[in-house]
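Working notes, beginning with the structure itself.
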Amino acid sequence: MRACVGLLGLGSRVARVDPARRRLTAHAAEPPREPPGSFGRLSRSGGRVTIKCWTDAGLGRGSGPPDCVRLLRVGVSIVAEKPRLLIVDRDGAVSKPALDGLAAAFELTTARTVSKALALLREQSFQGVYVDSSQLATVRKLGMMIQAEEILEAISDGVAVVDLDLRIIWANSEFQVLAFAQELVGRPFYESLGNPEVLGPESCPFTTAVATQTTAGTSLKSADGRYLKLTVTPVFDGSGTLTHLIALARETTDEMQQQLKVNAIHQAGDELADLTPEELSKMGVEERTDLLKYNIARHMKDLLGLDFIEIRLLDRASNRLIPLLTEGMTPLAANRELFARTEGHGVTGHVAATGKSYVCPDTTKDPLYLEGASGSRSSLTIPLVFHGMVIGTLNVESPQPNAFDDRDRQFIEIYGRNIASALNTLELLQAEKASTATTAVEAIDRELALPIDDIITDATTVLDRYAGHDEDIVSRLRHLLYRAREIRSLIQKAGTAVAPAPRLMQPAVAPRLAGARILVADADESIRRSAHSLLGGQGAAVETARDANEAIALARQTQYAAALVDIRLPDMDGYQIFKRLREVQPGLTIILMTGFGWDPAHSIVKARQEGLQTVLYKPFRSDRLMEAVEQALRATTGNVDTRPVTPAGRMQSEPVSPEPPPEEAAADPVQEPGG
């Protein structure tokens, strides 16, 4: 005797044969009897299947099928098709006599796997399911799979079980939402999703999962613009044979769109200051800045949908926020003077002072907000930061309240970093150009310094001799002196015009000798040249003389703040020129210079007796030179007038042109062969 499990889907009624009319009729079901040789009964309630099992005594041994089966067979043969019965036979354990007996009453369909059985139950209609008693474990597995199905139905991701032909065996309801087809079972997987575009990284995750025997994933883009994240996991049986694959699909449209937007912002940022060498050579500072502003405004509108924009740059010296770009702002807002302060200067000033972004959801209720765009109801302001330093602000506004959220802030901050980087790139280009111009100016000034000094000295010497004789010659000589002194400032002005100083650079340190006119008298050309480089580099207007008479003539015509004089000039010793210069300019601070302490005429001792304060011993270092000159300038009381002095003591009215900007003095010693 064998035991079997039978399912007969007759609902709450059973079929009987009316012998008189030879028709199959339905009657109310009686409580089932369970004698040997009878079948179980299938009952359905709320989608659940209840299975009752008993033995099949006599089945296949000549006794024939039970009465109900015979009745059904009689009924079917007369008026109806056979009811369909699903046989779950994983290992071919169901005997042939049993199958023959069942086939007499039912239309049989056999499933070799539990997953296939579940798929057939979803695809087709069956009156019952038969499982051999030797495969009761299959029934338990079937129950577990039904329970697992309920769990898979509850998760938020789409799940599909796919066979080795990549056809769907089963899918949960969430996958049905993602799919383009209504009937999914038996349909090719990619076809069910509308044959989407595979974005990668895997071109075919199913092939990769099978080959590697691990999970593989990729991204898909459907025809309707949705993005899906697909993960495929292979499933193997106990013998290591691949049975099916599980595909997990999750919609990532929102995440992907945000990532695409971020990528577009980065790409736009890379284009902000991306100029070819040819463009750089042809475009000036203003043209490059205008191109940057145009690109920023275009990206703000095209990528972020913003029409009201304001960018200001921070001047570190004054903390003033200088407008760079204003789009859609009122004239009052565009011209408003703002500083980087936490209060009294609007949201822009607050952001520049704190270095933190600020979202204003309702401009009518925010005390920090100052009107920018007319009718604006919300705003978002971020700092433009480069290498941890605030260099400006970016403000965007909207006519809608609560128009900006945290995600908008992140997008604007990303783009803001690109703007700051682009501004810095332009500043570096400008700094490089300014440095090149400065180097050229210094080279020109260095080469022209002594020739100009010779012109000034010769003109001054002639002027000193002609003073009081020929006023026309005197006037022309004075004009010549003015023009000669103006040459240096004109050279510097030309360099500044070619390459203005970058706006974002740290403010320059004030020149240590700014505005001071200094006379240097030395027969050694290298000393005179070094004086121009070191003292002129710190803002001093340096004029040199080759001998004592030239120095005295210059001092008679021009007021100096200090004079550096060598004690061994060709025409006078140190004490003699010290006395003569003090006679010409009584308040002039004089510094005597000597080589290695050599002073055969004892000029230094004599001069000290008459007020000499400072002596420089050659070779001296540049810092010692600066210290001596600064000390001399501090000793000078009042403001020094640099206008030329006439023989009668009057100051000439010609203005003195400004000298080149400061430059750090070199630290190398100034060499002088002797003194």
When only residues in region 305-322 that are open to solvent by 20 Å² or more (accessible area, probe 1.4 Å) and among the charged types (D, E, K, R) count, which is farthest from His350 (Cα to Cα)?
-> Asp307
Specify which of the listed residues (Leu368, Leu394) is open to solvent by less than 30 Å² (accessible area, probe 1.4 Å) and not aromatic (Phe, Trp, Tyr).
-> Leu394
When restricted to Ser489, Ser530, the only residue at pLDDT 85 or above, of a type in the set (S, T, N, Q) and out of contact with any helix residue (DSSP H, G or I) (no Cβ under 7 Å at 6 or more places or on another chain) is Ser530
Looking at region 329-341, is at least one residue open to solvent by less than 70 Å² (accessible area, probe 1.4 Å), of a type outside the set (A, V, I, L, M), over 28 Å from the mean Cα position of the chain (by Cα) and closer than 28 Å to Glu287 by Cβ?
-> yes
Looking at (1) closer than 18 Å to Ala373 by Cα; (2) of a type in the set (Gly, Ala, Ser); (3) out of contact with any Asp or Glu (no Cβ under 8 Å at 6 or more places or on another chain), which is the one condition that is false for Ala333?
-> (3)
Condition set touching a residue at least 12 places away in the same chain (Cβ under 8 Å) and open to solvent by 40 Å² or more (accessible area, probe 1.4 Å), scope region 604-620, selection farthest from Asp522 (Cα to Cα): answer is Glu610
Find all pairs meeting these conditions: Cβ atoms under 7 angstrom apart; at least six residues apart or on different chains; first residue within region 325-338 and part of a strand (DSSP E or B); second residue aliphatic (A, V, I, L, M) and surrounded by 11 or more Cβ atoms within 10 Å (Cβ to Cβ).
-> Leu325/Ile296; Leu325/Ala297; Leu325/Ile309; Leu325/Ile311; Thr326/Ala334; Glu327/Ala297; Glu327/Ile309; Leu338/Leu321
Quickly run through region 572-601 and pick out the residues that are surrounded by fewer than 16 Cβ atoms within 10 Å (Cβ to Cβ) and not in a helix (DSSP H, G or I).
-> Pro586, Gly587, Phe596, Gly597, Trp598, Pro600, Ala601
Using beta carbons and a limit of 6 Å, which pairs, at least six apart or on different chains, have the first residue in region 371-382 and within 15 Å of Ala334 (Cβ to Cβ) and the second one among the small types (Gly, Ala, Ser) and open to solvent by 10 Å² or more (accessible area, probe 1.4 Å)?
-> Ala373/Gly328
If you go through Asp547, Asp571, Asp599, Asp623, the only one that is within 27 Å of Ile444 (Cα to Cα), without any contact (Cβ under 8 Å) to a residue 40 or more places away in the chain and not β-branched (Val, Ile, Thr) is Asp547
State whether one or more residues within region 211-234 are touching a strand residue (DSSP E or B) at 6+ places or on another chain (Cβ under 9 Å), at pLDDT below 85 and not small (Gly, Ala, Ser).
-> no
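The values are calculated or read from the model by the stated rules, or taken from the named source; none is laboratory data. Note that the structure is a prediction, hence the values are computed from the model and not measured. Cβ atoms come from the backbone with ideal geometry, glycine included; neighbour counts cover every protein chain shown. The area values use the complete protein model at the heavy-atom level, side chains included, leaving out ligands, DNA and RNA. Shrake-Rupley method; radii C 1.70, N 1.55, O 1.52, S 1.80 Å.
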